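The values are calculated or read from the model by the stated rules, or taken from the named source; none is laboratory data. Only a predicted model underlies this, so the values are computations on that prediction, with no experimental measurement involved. Surface accessibility is based on the protein's heavy atoms, side chains included, excluding ligands, DNA and RNA. Shrake-Rupley method; radii C 1.70, N 1.55, O 1.52, S 1.80 Å.
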Amino acid sequence: MLLDDTSAEFHDFFERHYAELARLAHLLTGETDAADDLAADALVALWQRWDRLRSADHPLAYARGVVANMALERIRSAVRERRRIALFWSRSPEKLEGPDVAAVLDVRAALARLPFRKRACVVLRHAFDLSEKATAAALGISVGTVKSQTSKGMAELEAILGARAVGDLVAGRRNR
């Protein structure tokens, strides 16, 4: 396979700087697996602009900036998710007379297995009795996403806990 001059230049840039960009991403995020992804994503972004960047004075400096920005966004995203999780789990549970401790532990363990967005939709809709619209506003997502994530989350809980247990949970919450 013959490479044209532009492709050959970019290939050479990639070969010379990929490891350095991955190392930079690792040092910025502290995540080994994310470092390779961030470096690759940054190089894809550079390739898309390579016609303009190849003649720039410092394309490596630009590449470092792209990696830094992507790493910062990844860190911010992780912080936002941790804050959301802390917010949802920090509320002290309501006092119930004679709660079934084993069932509560089973439900919490099952919820912990759900991805964050599904878990958040299920918890806000069924534990906090929020409407689909209020849940969407709280999470910054569309009502349609709330509907699908809640439905998928409940299906996963049914698979984990059994249909009857999930039905009892939802019915018990509505009867209060």
What does the C-alpha gyration tensor say about the overall shape of the stretch 20-152? Classify as rounded when a/c is under 1.5, otherwise prolate if a/b is larger than b/c, or oblate.
prolate
Quick one: with all protein chains in place, what share of the accessible area of the stretch 1-53 is carbon or sulfur, to the nearest percent (1.4 Å probe)?
52
Provide the per residue accessible area, probe 1.4 Å, for the stretch 16-125, rounded to a whole number of square angstrom.
67
